[in-house]
Amino acid sequence: MAWKNLQAFIKALDEAGELIRIREYVNPVLEMAEITDRFSKSGGGGKALLFENTGYEFPVLMNAYGSEKRMCMALGVQQLDDVATDIENLFQLLMSPKDSMLEKLKMLPKLGKFAGWMPKVKSGRGACQEIIMSTPDITKLPVITCWPKDGGPFVTLPVIHTKDPNNGTRNVGMYRMQVFGPQLTGMHWHKHKVSAKHFAAYKELKKRMPVAVALGGDPVYAYAATAPLPENVDEYMLAGFLRKKKVELVQCISQPEIEVPADADFIIEGYVEPNDDLIWEGPFGDHTGYYSLPDWYPKFHITAITHKKNAIYPATIVGIPPQEDAWLGKATERIFLTPIKMTMVPEIVNMEMPVEGVFHNLVVTKIKKDYAGQGQKVMNAMWGAGQMMFNKILVLTSDEVNNEPIDITDYEKLAQHIFKQLNPATDIHFSSGPMDVLDHSCSKLGFGGKMCIDGTAKENEEIDDAYDLKDAQPSSNAIQKCLQNYADIKSVNLSLLSKNIPCLIVAVQKNKKEHIKILHEEICGNTLFVGVKMILYVEHTVDANDLPVALWRFCNNLDPKRDFHLVKKYWPQAHENSPTKYWACMGLDGTRKTKKWDGFQRDWPNIIIADDATIKKVDEKWNQLGIGDLITSPSLKYKNQLYGEEAIVNTNE
């Protein structure tokens, strides 16, 4: 369904018991983010928050997409899979054979309905242009500052419109914008993004690039701006498909080449000058849970700001998962499963992106396997599919075992199946390629290692008879006693072994070069570890027994191709006359990398937490806000995991 505007969506949230109105003053600088972080981590995503007293003319809406229920409400569906079903039906309609004229004629009404969802530019002004600032000044908007080491206030839910200067193709994306002054922000588009390509085309033509930013309106706009669409697909076509109603656009006032949603709450118009010096933007507490490294980005010069009479400023925060963006990612996972499996990788049955993997770091894919090598075929296809090129760790599993379907959302049973099928020496594949610019673990910006763990049932051609682990049953007690003798090991997670998952998580305090490699080889030299197939190493400040946190830190800090250490050794079988076999254990170094111990040349970011002063202020005013019992700050859990007080830590430390 289509929401008339953001206010209609807020009313629906209120009536559904999904909204908390906060009428007492809350500072947009750090305090709103701290309150939102507490709610987003309170279980199930908490509630949406409407801060009505902001110190500005406009209220602020946060955590609007922060649960499965609210994400479904934003998209107008009962379940996220409903959208995938609609897409699958459409694909089947278009791809099915149509031999008779009657069958072809039957398609026309459905195709006509689809055409009715295409965006339309209407004449005159829209509601988004009811008020025109006499002098545009973005500092009059309640732009939030999220985290204490952020470079400043950032617009965090901007729907940014650009056009290709050569063919007029529109792109709608979401790129954060740091505020530097009343009429100046940064424009944080990465080199892989379509808007960056548009900018490169304007630079080549030596032409000023018009840009417009929409805030608010139908909540589907913000989702469509984040969706991984092909370059030639208009995001407002997707929005029209999702809302089952075309998006009405109006021309901007000062940048008439650009059209924007008529029902948006705010429109910020301006341009990027090709010959401008770039501006030093960041740091920014990002969705990885770490501060993103500051860098040079284009300047956005504001020429006009318009808004509705009753405008509401939408914002979000990103940080240590889970956060609101996890549900935006879940929507993408479900919605884009069908196009991927029907057009590029037909073997795919299902896909899951665990929250600890912060979207691109970890993807689990279930496939229908029919022949040897099919896992590698899927691996290569997925790493070549749009934004899946940024995926770091891909885990593959079969669709069923002994005619029983595998549920990839049941992580314990999933891991049991994968490790049962896995030979670490032959079934883990490494590659390298483009990575998310926010991935701080890469030795080079935007380029690093990838890993595919093929946990599918193996065909005979894929089995190396030199390995045999059927009789190996490592003892948790014996391993624990052994590892207690290592002063550099600070904690060990042995819980997976008891669940028939031959994997350890070990927290290590590094103090020498090649520390993890040396330690892993030494550990694997002990026959107590025969049968352990994988050891994940994390830094000493991480509690290895806090599995979600350990996996989140591990996935962020690993460059798989650089940081793997495979040990394979002879294992004399217990049975007489049986041949000597190999056993293998993969060690993966998910610790922080430094120049001193690892030869790492880039800076390393810190994790994101609130500062003590903000936590104290929010605690003190909590009872006056009318938002229920006190929720303690999630940041308190992570204080002992900081590298230091700075957002970006020098690699020599």
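Which of (1) crowded, with 21+ Cβ neighbours inside 10 Å; (2) touching a helix residue (DSSP H, G or I) at 6+ places or on another chain (Cβ under 6 Å); (3) among the β-branched types (Val, Ile, Thr) does residue 355 not meet, given it meets every other one?
Condition not satisfied by residue 355: (1).
Quickly run through region 378-414 and pick out the residues that are hydroxyl-bearing (Ser, Thr, Tyr) and either in the same structural domain as residue 556 (by TED's automatic domain parsing) or part of a helix (DSSP H, G or I) (or both).
The initial filter retains those residues of region 378-414 that are hydroxyl-bearing (Ser, Thr, Tyr), namely 397-398, 409, 411.
The answer is 411, and nothing else.
Please specify each residue of region 41-82 satisfying the condition of being among the basic types (Lys, Arg) and farther than 28 Å from residue 238 by Cβ.
The initial filter retains those residues of region 41-82 that are among the basic types (Lys, Arg), namely 41, 47, 69-70.
Once the filter is applied, which keeps residues that are among the basic types (Lys, Arg) and farther than 28 Å from residue 238 by Cβ, region 41-82 yields only 41.
May I ask you to list the residues in region 454-470 that are farther than 14 Å from residue 424 by Cβ and either at pLDDT below 90 or touching a helix residue (DSSP H, G or I) at 6+ places or on another chain (Cβ under 6 Å) (or both)?
Residues satisfying the conditions are 456, 457, 465, 470.
Yes/no matrix, rows are residues, columns are (1) in contact with a helix residue (DSSP H, G or I) (Cβ under 8 Å, 6 or more places away or on another chain); (2) of a type in the set (D, E, K, R); (3) assigned to a strand (DSSP E or B):
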site: 490; (1), (2), (3): no, yes, yes
site: 507; (1), (2), (3): yes, no, yes
site: 510; (1), (2), (3): yes, yes, no
site: 517; (1), (2), (3): no, yes, no
site: 538; (1), (2), (3): yes, no, yes
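From the list 244, 308, pick out the single residue that is out of contact with any Asp or Glu (no Cβ under 6 Å at 6 or more places or on another chain), surrounded by fewer than 24 Cβ atoms within 10 Å (Cβ to Cβ) and over 25 Å from residue 191 (Cα atoms).
Values: 308 fails: out of contact with any Asp or Glu (no Cβ under 6 Å at 6 or more places or on another chain).
When all the criteria are applied, what remains is 244.
Take the residues in region 467-491 that are among the small types (Gly, Ala, Ser) and surrounded by 15 or more Cβ atoms within 10 Å (Cβ to Cβ); name whichever of them is farthest from residue 422 (Cα to Cα).
Step by step, filter region 467-491, then rank; the result is 491.
Need at least 3 residues that are at pLDDT 95 or above and touching a Gly at 6+ places or on another chain (Cβ under 8 Å) per element, so show me which strands (runs of 3 or more DSSP E) inside region 1-88 make the cut, counting only ones lying wholly within it.
Working: elements: 19-25, 48-53, 60-62.
Passing ranges, in order: 19-25.
Only one of (1) of a type in the set (A, V, I, L, M, F, W, C); (2) within 26 Å of residue 143 (Cα to Cα); (3) surrounded by 20 or more Cβ atoms within 10 Å (Cβ to Cβ) fails for residue 253. Which number is that?
(3)
Within region 312-319, is there a residue that is small (Gly, Ala, Ser), crowded, with 20+ Cβ neighbours inside 10 Å, more than 24 Å from residue 34 (Cβ to Cβ) and in contact (Cβ under 8 Å) with a residue 40 or more places away in the chain? Before you say what the answer is, go through the steps one by one.
Within region 312-319, the subset small (Gly, Ala, Ser) is 315, 319.
In the following step, the residues that additionally are crowded, with 20+ Cβ neighbours inside 10 Å were identified as 315, 319.
Keeping just the survivors that are more than 24 Å from residue 34 (Cβ to Cβ) gives none.
No.
Looking at region 251-272, can you tell me whether even one residue there is closer than 29 Å to residue 361 by Cβ and touching a strand residue (DSSP E or B) at 6+ places or on another chain (Cβ under 8 Å)?
Going through region 251-272, the residues closer than 29 Å to residue 361 by Cβ turn out to be none.
No; the residues of region 251-272 include none that is closer than 29 Å to residue 361 by Cβ and touching a strand residue (DSSP E or B) at 6+ places or on another chain (Cβ under 8 Å).
For region 597-653, which positions are at pLDDT below 95, touching a Phe, Trp or Tyr at 6+ places or on another chain (Cβ under 6 Å) and of a type in the set (A, V, I, L, M, F, W, C)?
Across region 597-653, the qualifying residues are 647, 649.
Checking the condition without any contact (Cβ under 8 Å) to a residue 60 or more places away in the chain and more than 15 Å from residue 605 (Cα to Cα), which residue from 276, 265 passes? Quick ask: steps written out before the conclusion?
On the way: 265 fails: without any contact (Cβ under 8 Å) to a residue 60 or more places away in the chain.
Only one candidate passes the filter, namely 276.
Return the total of residues in region 442-456 being surrounded by fewer than 17 Cβ atoms within 10 Å (Cβ to Cβ) and of a type in the set (A, V, I, L, M, F, W, C). Walk me through how you get there before you give the answer.
Filtering region 442-456 down to residues surrounded by fewer than 17 Cβ atoms within 10 Å (Cβ to Cβ) leaves 443-447.
From the residues that got through so far, the ones that are of a type in the set (A, V, I, L, M, F, W, C) too are 445, 447.
Count: 2.
Looking at (1) in contact with a strand residue (DSSP E or B) (Cβ under 6 Å, 6 or more places away or on another chain); (2) touching a residue at least 40 places away in the same chain (Cβ under 8 Å); (3) within 30 Å of residue 402 (Cβ to Cβ), which is the one condition that is false for residue 459?
(1)
Looking for something part of a strand (DSSP E or B) and either of a type outside the set (D, E, K, R) or more than 25 Å from residue 83 (Cα to Cα) (or both) - is there at least one such residue anywhere in region 197-204? Break it down into steps so the answer makes sense when it comes.
Restricting attention to region 197-204, the residues satisfying the condition of being part of a strand (DSSP E or B) are none.
No, region 197-204 contains no residue that is part of a strand (DSSP E or B) and either of a type outside the set (D, E, K, R) or more than 25 Å from residue 83 (Cα to Cα) (or both).
The values are calculated or read from the model by the stated rules, or taken from the named source; none is laboratory data. Source: prediction; values computed, not measured. FYI the Cβ positions are ideal-geometry reconstructions off the backbone, even for glycines, and counts take in every protein chain you see.
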